[in-house]
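Undergrad: Here you go, one structure.
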Amino acid sequence: MAALWIRNSFTVGELGYYPRTLANEGLIAVAMANSPALMSIGGSSSRILGTNPIAYGYPQPGRLPLVIDQASSATAFVNIRKAAERQESIPRGWALDHDGRPTEDAAAAVDGALLPFGSHRGGNIALLIELLATLAGGSFSIGAPPFDSGSEGPGIGAFLLALDPTRLGSGDRAQRWLQRITAEHGVRLPALELETLPDQVDVDDELVDRLNRYANPD
């Protein structure tokens, strides 16, 4: 097994890229990172943790690896911001307002805090990610500068663990089990059903225009 810590990092973007890369080489991999504070935990009305994502990859010989990549928050902050721009409401359980009260008002949520998925259970996972990701000295979420403004990077941390399953003599046990739960028990997960990657993806015109504006602000 091998472990890697990164400190003084910018936000990592698609976290699943890293475990996917290792899983393609036959390794089990788990990656996690913290981010500037956006989410409340433990009943706090303040932003304490980032959306703190976790991703893992599990190799499947002969096909694409099983890869899961998710945040610890009930939703992404960009979904709150988009709803506020469109003057739409948000589902209860997504966020708190500035005073720490549950809200369905997207505009109030922009000034408040996200909530973890699954109530305190998601908060527990986010807390574990915070502790592991910052172990080598990365900034804690609550003290990290924002990544999208100012002149100072967030300086956050990331953690990556890789395991070689062949050293444990597991063979193809896990792959047979995954096939069984899908064939015999109706388990349907996109990460299990993906067998090939498309040669191209379609991107809507609005997103292309936005990307062009960001790339050419003048």
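Undergrad: Work out the P(r) tail for the stretch 35-83: percent of alpha carbon pairs separated by more than 15 Å, whole number. Present the calculation step by step, with values, prior to reporting the outcome.
TA: On the way: 683 of 1176 pairs.
Summing the P(r) of the stretch 35-83 above 15 Å gives 58 percent of all pairs.
Undergrad: Mark the label point 7 Å from the Cα of ALA136 along Cα→Cβ and return the residues of the stretch 54-74 whose backbone N is within less than 19 Å of it.
TA: 54-57
Undergrad: Per 10 Å bin from zero, what fraction in whole % of the C-alpha pairs of the stretch 1-84 is there, up to the bin with the longest pair?
TA: 17, 40, 29, 13, 2
Undergrad: Further question: Counting other beta carbons within 10 Å of each Cβ, put SER170, SER40, SER89 in order, fewest first. Don't skip to the answer; put the middle values down first.
TA: Working: SER170 11, SER40 22, SER89 14.
Ranked by crowding around the Cβ, least crowded first: SER170, SER89, SER40.
Undergrad: Another question, then. Can you give me the convex hull volume of the Cα atoms of the stretch 60-114, divided per residue and expressed in Å³? Display every interim value, and only then the final one.
TA: On the way: hull volume 4.7 nm³, N = 55.
Dividing the Cα hull volume of the stretch 60-114 by its residue count gives 85 Å³.
Undergrad: Follow-up question, since we're still on this one. Taking the alpha-carbon centroid of each part, what is the distance from the stretch 1-26 to the stretch 139-188 in angstrom?
TA: Going from one Cα centre to the other spans 8 Å.
Undergrad: Using only alpha-carbon positions, what ratio does the radius of gyration of the chain give when scaled by 2.2 N^0.38 Å? Display every interim value, and only then the final one.
TA: Details: Rg = 19.3 Å, N = 218, 2.2 N^0.38 = 17.0 Å.
Its radius of gyration relative to the 2.2 N^0.38 Å reference: 1.14.
Undergrad: With every atom except the alpha carbons ignored, what do you get for Rg and Dmax of the stretch 146-186, in angstroms?
TA: 20.4, 55
Undergrad: Related question: Write out the GluC sites (Glu not before Pro) in the stretch 128-200 meeting two conditions: DSSP loop, and at most 11 other Cβ atoms within 10 Å of their Cβ.
TA: Values: sites: GLU130, GLU152, GLU184, GLU193, GLU195; in loops: GLU152, GLU195.
Counting only loop positions with at most 11 other Cβ atoms within 10 Å, the GluC sites (Glu not before Pro) in the stretch 128-200 are GLU152, GLU195.
Undergrad: State which stretch of the chain is the longest one without any exposed trypsin sites (Lys or Arg not before Pro), exposure meaning a DSSP loop state and at most 15 other Cβ atoms within 10 Å.
TA: On the way: sites that count: ARG63, ARG86, ARG92, ARG188.
The longest such stretch corresponds to 93-187.
Undergrad: Could you tell me, in Å, what Rg and Dmax come out for the Cα atoms of the stretch 121-194?
TA: That works out to 19.2, 55 Å for Rg and Dmax.
Undergrad: Report the one residue of ALA215, ALA106, LEU64 whose Cα lies farthest in the direction of the positive end of the charge dipole of the chain (charges on C-beta: Lys and Arg +1, Asp and Glu -1; origin at the Cα centre).
TA: The one lying farthest along the dipole's positive direction is LEU64.
Every number in this text was worked out from the coordinates using simple rules, so none of it is lab data. Everything numeric here is computed off the predicted structure, so don't read it as measured data. Note that we place each Cβ from the backbone using ideal geometry, even for glycine, and neighbour counts take in every protein chain shown.
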